[in-house]
Each structure stands twice: as C-alpha cells, then as structure tokens.
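Have a look at the structure below before the remarks.
The values are calculated or read from the model by the stated rules, or taken from the named source; none is laboratory data. Here the structure is a predicted model, which means the values were calculated and not measured. Here the Cβ positions follow ideal geometry from the backbone for every residue, glycine too, while neighbour counts run over all protein chains shown. Surface accessibility is based on the protein's heavy atoms, side chains included, excluding ligands, DNA and RNA. Shrake-Rupley method; radii C 1.70, N 1.55, O 1.52, S 1.80 Å.
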Amino acid sequence: MSSLIGHAAAGATVFLAHAPGAAPRSRLALVLLVSLALLPDLDYLPFWLFGIDSEPRWSHSLLFGLGASLLAWLALRGALPFAALALAACSHPLLDLLVGVHPVPLFWPLPLAQVESPIGLLPSAGRLSFTNIYLWRNLLIECLVLLPPCALIVALARRVAWRRIAVASLVAGPCWALATVWSLRIHG
C-alpha cells in the first residue's frame, strides 16, 4: 500500500489544482478531498479492531471511489465539481497499484477485477512500526517520488509561467529521477 502521506498528498494536489474560492469553503474542500483520498483505507478498521480480514478489498475499487464521490457531490449539492471529487477518491487505488506488491481490486465487482502492476514505482510502507527503519526510508522515497509530480500538476493547473516550471524542474528533476531509481532498485 502507499502511505497515508502519499494519499493525503494526492487529495491536496486535487485541491490545489482545483483552487476553490472563499477561505472557509477552501478549508472544507481541502478536508473533503484529502478525506476522499484516504477513505479506502477504512477497510483496515475491522482488521485492527476485530481481526476481520476482508478480501477482496472492494473499497480499493474505482466503483467505490466513484460512489463515494457521488455521495459527496450530492451532499454538497454540487458545490465542488464531481471531477475533482472523483479524482481525489480514485487516486487511492491508483497509488496503491503503483506499489506493485499486492493486486488491487480496481474493477471490482467484475470478474478478473484484480490488477497488479509489473513494476513497483512506490515502495511499500512495510510493517507499520515507529522502530521500523525501512518504513521511514520508504516514506522518504515515496515523498521524493510523488511530491515533484504533484507540484508540477498544481503548477500546470494554476498556469504558472513556463520559465518558473523549467527552473523548478532543473532542481527537482534530478532528485526525482534519483528517488525513482532508488525505489525501483528496492523492488528489483
């Protein structure tokens, strides 16, 4: 699985690219989009609380993401575009697919719904323990791999000048490339 940091960054990226208006609404929109990006991992609660493991993890499907987005859109009476809500919600299973460790039930409930990536671009969060050194290493790699593309998406959505994007890419590009190679070497 991708980490909570990666999923929250995806929701925040949708928020920043969408750039809603007034400040109180903006806070609500940010919370909602980040929450939608994190929502599929609620299926861990029955496991953590009661030891119940559900397979397939249907909350990690595109259908679940679209359904949650539709409910949020209806509850907000269309205050946020459905596309922004759907992007935030569907980012979760797509990021988990980039880990490449476990199949993701992307197209649940269809037959052959499980999809597995042949490469793992993002390292798995590993065992969730503060003493697990690999957890911290993998979180660092995930941030270095995900944050530059997130920043680029926001810059393009907000129509930042191409010169600024080019200068930022000269700095962030090599760091992103090294982190990506580092991540791919962990899986290989």
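A few notes on this one:
- Largest first, the residues 18, 60 sort by 1.4 Å accessible area into 18, 60.
- Think of region 3-132 as a dipole: +1 on every Lys or Arg Cβ, -1 on every Asp or Glu Cβ, centred on the Cα centre; then among 88, 4, 107, 88 lies furthest on the positive end.
- Relative counts (whole %) of C-alpha pair distances in region 58-147, using bins that are 10 Å wide: 17, 35, 32, 16, 1
- Accessible-area value, residue 181, 1.4 Å probe, nucleic acids and ligands omitted, Å²: 80 Å²
- This structure gives Kirkwood radius over Cα pairs in Å, computed directly, and of (i) 17.1; (ii) 19.0; (iii) 17.6 that value is listed as (iii).
- Take every pair of alpha-carbon atoms less than 8 Å apart whose residues are at least six positions apart; their mean separation over the length of the chain yields a relative contact order of 24 percent.
- Near residue 45: Cβ cut-off under 15 Å, other residues only, Lys/Arg at +1 and Asp/Glu at -1. The net charge is -2.
- When you filter the trypsin sites (Lys or Arg not before Pro) in region 58-145 for DSSP loop state and at most 13 other Cβ atoms inside 10 Å of their Cβ, you are left with 77, 127.
- The residues of the chain have, on average, 60 Å² of accessible surface per residue, using a 1.4 Å probe with all protein chains present.
- Rh by Kirkwood over Cα pairs, then Stokes-Einstein D for region 96-188 at 0.692 mPa s and 37 °C, µm²/s: 219 µm²/s
- Apportionment of accessible area to carbon and sulfur, region 107-156, percent (1.4 Å): 77 percent
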